[in-house]
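Peer 1: Can you keep this structure in mind? I'll have questions shortly.
The values are calculated or read from the model by the stated rules, or taken from the named source; none is laboratory data. Given the structure is predicted, the values throughout are model-derived calculations rather than measurements. What goes into the accessible areas is simple: the full protein's heavy atoms, side chains included, and nothing from ligands, DNA or RNA. Shrake-Rupley method; radii C 1.70, N 1.55, O 1.52, S 1.80 Å.
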Amino acid sequence: MNSFDKIQLGLFPTPMYRLDNISRILGTNIWIKRDDLCGVALGGNKVRKLEYLLADAKNKGYELVMTTGQAQSNHAMLTAACALRLGLEPVLVLKKRGVTACKGNQILNKLMGVKVIFADTDSYEFIYEEMDRIAAEMGKPVYKIPCGGSNALGALGYVDCMKEIAASGVHFDHVVAACGSGGTAAGVILGAQLHLPGTHVIAPMVDSDPFDEIVPRIMREAVELMGIETELPVPDLIDMCGPGYSVPSEDGNEAIELMLRNEGIVLDTCYTGKAFAGLVKRAREGCFKPSDNVLFIHTGGAGGLFAQDWEA
Ligand SMILES: *Cc1c(COP(=O)(O)O)cnc(C)c1O
């Protein structure tokens with residue numbers, strides 16, 4: 001098996017424990033893995049990916065790092081925070097979509113003094129070309145990180161997370177993690193296949209991209225990168241996108257309230273609220289036995305919650 005350098009950026013292992021109140025309400029054993037508490041900015045799943053991606057950028061001698069996403073991208077904010085810590089210069093080329101005002105993650109981008117460029121386009125291809133153009137202007141080669149850090153190298157961060165869970169010795173019947181650009185789901189499914197025998201992965205989709213193709217592709221590329229051979233399960237995806245990517249949904253908001261009122265844990269409207277709503281949906285459909293252990297991976301996202309307008 002090939003091994004890849006990573007640079008420690010987060011506080012791992014993250015805490016993992018049983019949610020007693022929600023377990024009682026849903027009639028099964030619900031656990032949580034607090035990747036929101038991983039110690040960089042507001043935390044979140046992108047830190048595990050960035051440990052690999054930014055190590056790669058450093059090893060290859062890059063000084064300039066660019067990534068993309070929507071205006072409130074947690075991934076872009078965390079890329080900036082992690083890059084600055086490593087002495088790399090981050091530039092964020094974001095889609096002019098979502099809340100572009102200085103709210104939520106944009107407050108953090110501003111406080112970090114990071115260069116943010118909005119591109120009025122829906123095409124990531126155009127954005128990656130734009131990155132090349134900006135880098136040429138700056139006279140530096142650029143390490144481009146794809147949207148969400150979702151490539152094979154980034155996915156290795158979640159293979160490691162499954163290894164971390166295996167080391168706890170707790171057997172989980174199900175693991176639930178949000179799917180927004182696919183890298184986390186790919187890493188979780190592949191990592192479960194390698195390190196958590198008998199664990200089934202559920203990936204609630206919070207965007208409407210063809211994840212039934214995207215997730216298996218990232219898994220195949222990760223397997224190739226690792227130089228291993230393993231069978232790859234078909235992802236169990238649930239559509240939890242509701243009215244659209246980053247648009248709050250009714251069941252997502254209900255799940256946010258359920259978690260905050262019973263466990264004091266903050267979820268967000270774009271990812272974790274909808275993902276937890278997917279877990280609640282499966283529980284209500286009777287998919288979990290009372291004796292099952294079901295693990296929800298908290299992938300972060302608090303910044304985005306505070307970009308939303310809420311009725312008083
Ligand atoms: C990016 C993100 C996700 C989704 O992860 P992907 O690897 O992009 O599918 C889930 N939760 C939060 C808070 C995120 O920022």
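Peer 1: Among D236, D122, D36, which one shows the biggest mean-square fluctuation in a GNM of the chain, springs joining Cα atoms closer than 10 Å?
Peer 2: D122
Peer 1: Helix 46-59: angle to the longest alpha-carbon principal axis of the chain, degrees 0 to 90, nearest 10?
Peer 2: 30
Peer 1: Can you sort W310, W31 by 1.4 Å-probe accessible area, starting with the largest?
Peer 2: These residues rank, largest area first, as W310, W31.
Peer 1: Also: Any chance you could give the angle, 0 to 90 degrees and rounded to 10, that helix 211-226 forms with the longest Cα principal axis of the chain?
Peer 2: Helix 211-226 and the main axis of the chain meet at about 70 degrees.
Peer 1: Moving to a separate point now. Could you derive backbone 3J(HN,Hα) for region 16-23 from the dihedral phi with the Karplus parameters 6.51, -1.76 and 1.60 (θ = phi - 60°), listing whole Hz in sequence and x where the residue is Gly or Pro?
Peer 2: Listing the rounded values in order: 9, 7, 7, 8, 5, 5, 5, 4 Hz.
Peer 1: Moving on. Tell me the carbon and sulfur percent of the accessible area for region 186-248, rounded to whole percent, probe radius 1.4 Å.
Peer 2: Ligands and nucleic acids excluded, carbon and sulfur reach 49 percent.
Peer 1: Same structure again: Please list, in chain and number order, the residues 5+ apart from W31 or on another chain whose amide H is under 5 Å from its amide H, with Hs placed from the backbone.
Peer 2: So W31 has HN proximity to L19, V294, L295, F296.
Peer 1: In whole percent, and with a 1.4 Å probe on the protein chains, what portion of the accessible area of region 33-183 is carbon and sulfur?
Peer 2: After summing per-atom areas, the C and S share lands at 52 percent.
Peer 1: In a GNM of the chain with a 10 Å cut-off on Cα contacts, which of E263, E229, E130 has the highest mean-square fluctuation?
Peer 2: E229
Peer 1: Hey, another quick one. Residue by residue through region 107-123, what is 3J(HN,Hα) from phi via Karplus (6.51 cos²θ - 1.76 cosθ + 1.60, θ = phi - 60°)? Round to whole Hz and write x for glycine and proline.
Peer 2: Here the 3J(HN,Hα) series is 5, 5, 4, 5, 5, 7, x, 8, 6, 10, 10, 8, 10, 7, 8, 9, 9 Hz.
Peer 1: In terms of solvent-accessible area of protein heavy atoms at a 1.4 angstrom probe, what is the ranking of E311, E63, E231, E51, highest value first?
Peer 2: Order by accessible area, largest first: E311, E231, E63, E51.
Peer 1: For a quick check of understanding: with a 1.4 angstrom probe and all protein chains in place, what accessible area in square angstrom does D309 have, to the nearest ten?
Peer 2: 120
Peer 1: Something else now. Label region 1-116 by shape, choosing from rounded, prolate and oblate, from the square roots a ≥ b ≥ c of the eigenvalues of the Cα gyration tensor; if a/c is under 1.5 it is rounded, and otherwise prolate applies when a/b is larger than b/c, oblate when it is not.
Peer 2: Oblate, because a/c is 1.5 or more while a/b does not exceed b/c.
Peer 1: Can you list the residues, at least 5 places off or on another chain, whose amide H is less than 5 Å from the amide H of H200, using H built in the peptide plane?
Peer 2: Under 5 Å from the amide H of H200 lie the amide H atoms of H174, V175, each far enough along the sequence or on another chain.
Peer 1: For L153, L232, L111, L11, give the ranking by accessible area with the largest first, probe 1.4 Å.
Peer 2: So, going from the largest accessible area down, we get L111, L11, L232, L153.
Peer 1: While we're looking at this one, here's another question. Just check region 236-291 against the gyration tensor rule for me: Cα atoms, a ≥ b ≥ c as the square roots of the eigenvalues, rounded for a/c under 1.5, and otherwise prolate or oblate depending on whether a/b exceeds b/c.
Peer 2: oblate
Peer 1: Let me ask something additional. For region 255-267, take each phi angle, set θ = phi - 60°, evaluate the Karplus expression 6.51 cos²θ - 1.76 cosθ + 1.60, and give the result in whole Hz per residue in order, putting x for glycine and proline.
Peer 2: 5, 4, 5, 4, 5, 6, 6, 9, 10, x, 10, 8, 10
Peer 1: Using a probe radius of 1.4 Å on heavy atoms only, what accessible surface per residue do you get for region 34-130? Whole Å² is fine.
Peer 2: For region 34-130, the per-residue accessible area is 39 Å².
Peer 1: Here's something else I'd like to know. Multiply the residue gap between L37 and I228 by 0.36 nm, knock off their C-alpha separation, and tell me the result in nm, one decimal place.
Peer 2: Between L37 and I228, full extension yields 65.6 nm more.
Peer 1: Accessible area per residue for region 162-310 in Å², computed with a 1.4 Å probe and the full protein assembly in place, what is it?
Peer 2: 41
Peer 1: Roughly speaking, what is the stretch gain from R261 to E221, that is 0.36 nm per residue apart minus the C-alpha to C-alpha distance, in nm to one decimal?
Peer 2: Stretched out fully, the R261 to E221 stretch lengthens by 10.3 nm.
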